Structures are given as structure tokens and as C-alpha cells.
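What follows is a set of notes on a single structure, which appears directly below.
The values are calculated or read from the model by the stated rules, or taken from the named source; none is laboratory data. Given the structure is predicted, the values throughout are model-derived calculations rather than measurements. A quick note on method: Cβ atoms are made from the backbone with ideal geometry, for glycine too, and the neighbour counts reach across all protein chains shown.
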């Protein structure tokens with residue numbers, strides 16, 4: 001049988017070099033997050049209160065600035081380093097699961113570098129077309145460059161494992177603390193071998209110890225694999241995290257979201273009810289809250305949020321995740337029934353053809369009178385003498 005390391009030789013690159021390349025990918029991601037926030041703020045100014053773009057020229061200018069800035073950021077952070085980063089990945093079984101995505105990262109890098117080397121004329125139709133084509137490649141690195149960074153970190157060698165007897169003793173202590181409610185999880189990740197690793201504080205007699213557990217905390221297979229003085233010491237000793245998964249493989253990118261559907265905020269609906277004079281106006285506001293379709297109301301959006309959160313919780317694959325998923329699903333059903341009741345009440349209210357009685361008189365506005373131009377303002381009150389200090 002051939003040696004797997006001979007089939008997939010590790011590039012001649014130091015661990016520190018791989019870590020530096022990984023940091024560059026994460027730096028690009030952080031800068032793209034900042035750029036995305038600034039661009040969304042600029043685009044908000046081009047929309048009406050329902051989220052519809054009404055100043056298209058200004059919106060296009062904001063997108064042009066965004067892409068130009070992203071290209072310059074990529075040039076600084078990754079243009080010369082993306083190739084070596086992808087070459088720094090060590091051979092490991094879990095990397096094969098990401099191979100298609102890594103191939104896309106490599107292809108996107110080639111496209112971006114070509115754009116940097118052959119930029120179109122400024123403010124031309126060719127530049128707009130070039131920017132539109134390269135943006136999706138930039139977002140691939142902004143979204144998934146951290147995947148390559150996390151995989152490059154797999155060069156790390158964890159500390160030697162605990163003995164079987166020590167694992168058994170610490171596992172019993174952790175389970176007892178879990179039953180007492182004195183096991184405080186702080187962080188979890190998956191290692192390259194598929195284990196779910198969780199850091200937690202084990203509290204015993206007013207003292208706490210950082211421990212690492214492998215497996216679902218609520219199953220009998222969970223066991224302690226290390227105990228440490230600090231969390232930073234634990235991270236140095238434990239296997240590195242592999243990239244976390246996604247809820248839906250075909251979900252849109254956070255940097256490539258479609259323009260949001262117009263919607264009426266709850267605060268606006270509340271204000272419309274406060275300002276209403278007739279029952280029909282209030283009924284219309286209630287109907288808007290439970291409206292279906294493209295312009296769905298907040299009650300519908302909230303139920304959609306609960307359904308997706310339930311899907312996410314169930315996808316965690318843990319006992320507690322399944323419990324929370326069932327709870328969120330039940331809440332979603334209750335909200336659906338509540339929405340039906342709201343619509344039914346809105347119909348009843350609208351059918352009353354009611355108006356508020358005239359004796360509900362609005363309070364007169366309080367308008368402060370302004371002094372005449374030639375009026376001398378009153379003198380400020382004199383300052384009281386400070387009390388003498390006693391020595």
C-alpha cells in the first residue's frame with residue numbers, strides 16, 4: 001500500500017508561514033465585512049422607507065465604490081498570497097469534503113488577479129461590466145477564504161491524550177457537575193476526526209477548572225479529554241477546529257443578498273393605530289401585520305424566523321438541539337394560530353364600521369412662546385458661595 005503522505009506531499013512550508021497566510025485571509029474577510037456595512041448604509045440612503053430603491057444613480061455609484069475598494073483590498077491582502085495559502089493545506093480526510101469549494105476559491109483568485117492586471121477604463125460601460133463579473137469572485141473569498149485559513153491551521157499538533165483512568169475520573173466529575181447545573185459550556189467546534197469538542201468550566205467547591213469534552217454533552221458517550229488552567233492553554237493543547245457547516249448549501253451569500261422585499265415596520269403599524277380615527281384604519285393595520293406573500297407582514301416574518309431557527313437547531317445534531325427545535329416548531333404553530341386570530345379580529349373590527357366618539361378630544365399642543373427680539377434675557381441666578389473647607 002502506498003504511503004498517503006507520499007501521494008499527497010505536504011508543501012515545504014513552515015507552520016508559522018501557513019498561519020501568516022491564514023491571517024491574511026481572515027484580514028480580508030474582516031475588511032470586507034466593514035466595507036459591506038458601509039455600503040449597506042450608503043444604499044439605505046437611496047431607498048424609501050419600505051426598502052425600495054428610488055435613487056438608482058446614487059445606488060450604482062455606491063456599488064462601484066464598493067467593488068473598487070474590494071479589489072484594492074484583495075490586491076493588498078491576497079493577490080500574492082492566495083495561491084500559497086491554498087497550497088499550504090495539509091493532506092487530511094476532511095479536506096476532501098471541501099475540495100469543490102477550494103477549487104472555486106482557486107478559480108476565483110485567477111479571475112480577480114486577471115481583473116487587477118487588466119482593469120477597464122474608469123467610469124466606462126466596460127468597467128461596470130467588469131465590476132459586476134468580478135464581485136461574485138470577491139465575495140467567494142470574503143465568505144469562504146476563512147475555510148482555507150481554518151484548514152491551513154490543521155498543521156497544529158495537539159497535546160498527548162490523557163490516560164484512560166484519568167479520562168474516566170474527570171468524566172464522572174463532569175457528569176456530576178452537569179446534573180448539578182455546574183458545568184458551564186463556553187465554546188464548541190468539530191475536529192478533523194469528526195469529534196465535537198466543547199470547552200466548559202467545571203465548578204466544584206467554589207473553584208472552576210477549564211475542561212474539554214468530546215461528544216454530545218447530553219449523551220453517555222461524552223467524555224473529558226483534557227483539563228487546563230485557562231482557555232488559551234486549552235486551545236493550544238486541543239485539536240484545531242475544522243470549518244463549521246452551513247444550514248443550507250444553496251443559501252445566498254451575506255454579501256450577495258437580493259434586495260429586501262418592501263415591508264411595513266411594526267413601529268409604523270403601531271403609530272397608524274395611535275393616529276387612527278376609524279375602526280377600518282385599525283383593521284387595515286392588523287391585516288398588514290398578518291399579510292402573506294411577497295410583502296409579508298411582521299407576524300408572517302416572525303413565524304418564518306422561528307421555522308428557520310428550528311431547522312438550524314435540529315441540524316446541530318445534539319440532544320439539546322433537538323429539544324430546542326421541537327420547542328421552536330411548537331411556538332411557530334402557536335404563532336400561526338395567533339395570526340389567524342388576529343386576522344379574524346381585524347375582520348370583526350372592520351365590520352363594526354366604528355369611529356371614535358367626539359368627546360375623546362385631543363390634548364392641545366404645548367407651544368412654547370418665544371421672547372421678542374429686543375427682549376433682554378433674564379440674568380442667570382447668582383452662584384452660591386462655596387462652603388469653607390475644614391482642615
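Is it the case that residue 117 is under 30 Å from residue 268 (Cα atoms), loosely packed, with under 14 Cβ neighbours inside 10 Å and over 23 Å from the mean Cα position of the chain (by Cα)? Please lay out each step first, then the result.
Values: under 30 Å from residue 268 (Cα atoms): no; loosely packed, with under 14 Cβ neighbours inside 10 Å: yes; over 23 Å from the mean Cα position of the chain (by Cα): yes.
No; evaluated as a whole, the condition is false for this residue.
So, of the residues in segment 73-100 that are touching a residue at least 60 places away in the same chain (Cβ under 8 Å) and in a loop (DSSP other than H, G, I, E, B), which turns out to be nearest to residue 119 (Cα to Cα)?
Only one residue fits best here, namely 78.
Looking for something modelled with pLDDT of 80 or more, under 30 Å from residue 190 (Cα atoms) and surrounded by 10 or more Cβ atoms within 10 Å (Cβ to Cβ) - is there at least one such residue anywhere in segment 296-304?
The first filter runs over segment 296-304 and keeps only residues modelled with pLDDT of 80 or more, leaving 296-304.
If we keep only those that are under 30 Å from residue 190 (Cα atoms) too, we end up with 304.
Then drop every residue that is not surrounded by 10 or more Cβ atoms within 10 Å (Cβ to Cβ), which leaves 304.
Within segment 296-304, one or more residues are modelled with pLDDT of 80 or more, under 30 Å from residue 190 (Cα atoms) and surrounded by 10 or more Cβ atoms within 10 Å (Cβ to Cβ).
Here are the criteria: (1) in contact (Cβ under 8 Å) with a residue 40 or more places away in the chain; (2) loosely packed, with under 14 Cβ neighbours inside 10 Å; (3) more than 30 Å from residue 189 (Cα to Cα). Tell me which single one residue 343 does not satisfy.
(2)
Kindly indicate whether any position in segment 248-262 is without any contact (Cβ under 8 Å) to a residue 60 or more places away in the chain, in contact with a helix residue (DSSP H, G or I) (Cβ under 9 Å, 6 or more places away or on another chain) and more than 20 Å from residue 340 (Cβ to Cβ). I'd like the intermediate steps shown before the answer.
So in segment 248-262, the residues without any contact (Cβ under 8 Å) to a residue 60 or more places away in the chain come out as 248-252, 257-258.
The next check asks that each one be in contact with a helix residue (DSSP H, G or I) (Cβ under 9 Å, 6 or more places away or on another chain); those that pass are 248.
Next cut, more than 20 Å from residue 340 (Cβ to Cβ) only: 248.
Yes; the residues of segment 248-262 include at least one that is without any contact (Cβ under 8 Å) to a residue 60 or more places away in the chain, in contact with a helix residue (DSSP H, G or I) (Cβ under 9 Å, 6 or more places away or on another chain) and more than 20 Å from residue 340 (Cβ to Cβ).
Test residue 136 against the criterion of being assigned to a helix (DSSP H, G or I) and either assigned by TED's automatic domain parsing to the domain that holds residue 108 or surrounded by fewer than 17 Cβ atoms within 10 Å (Cβ to Cβ) (or both), and give yes or no.
Against the criterion (assigned to a helix (DSSP H, G or I) and either assigned by TED's automatic domain parsing to the domain that holds residue 108 or surrounded by fewer than 17 Cβ atoms within 10 Å (Cβ to Cβ) (or both)), residue 136 qualifies.
Just checking, which of 70, 18 is over 16 Å from residue 258 (Cα atoms), modelled with pLDDT under 95 and in a helix (DSSP H, G or I)? Show your work before the answer.
Working: 70 fails: modelled with pLDDT under 95.
The unique qualifying residue is 18.
Regarding segment 123-131, can at least one residue be identified that is within 23 Å of residue 194 (Cα to Cα), crowded, with 18+ Cβ neighbours inside 10 Å, touching a helix residue (DSSP H, G or I) at 6+ places or on another chain (Cβ under 9 Å) and not assigned by TED's automatic domain parsing to the domain that holds residue 197?
The first filter runs over segment 123-131 and keeps only residues within 23 Å of residue 194 (Cα to Cα), leaving none.
No: zero hits.
Mind telling me which of the residues 171, 186 ends up being loosely packed, with under 14 Cβ neighbours inside 10 Å and in contact with a strand residue (DSSP E or B) (Cβ under 8 Å, 6 or more places away or on another chain)?
186
Could we say that residue 202 is over 15 Å from residue 171 (Cα atoms) and buried (at least 16 other Cβ atoms within 10 Å of the Cβ) here? Let's see the steps before the verdict.
Working: over 15 Å from residue 171 (Cα atoms): no; buried (at least 16 other Cβ atoms within 10 Å of the Cβ): yes.
Considered against the rule, which asks whether it is over 15 Å from residue 171 (Cα atoms) and buried (at least 16 other Cβ atoms within 10 Å of the Cβ), residue 202 comes out as no.
Quick one: in segment 212-224, of everything that is out of contact with any helix residue (DSSP H, G or I) (no Cβ under 6 Å at 6 or more places or on another chain) and not in a loop (DSSP other than H, G, I, E, B), which residue is surrounded by the most Cβ atoms within 10 Å (Cβ to Cβ)?
213
Taking the condition within 30 Å of residue 153 (Cβ to Cβ), within 18 Å of the chain's Cα centre (by Cα), surrounded by 17 or more Cβ atoms within 10 Å (Cβ to Cβ) and not assigned by TED's automatic domain parsing to the domain that holds residue 42, does residue 247 pass?
No: the conditions fail for residue 247.
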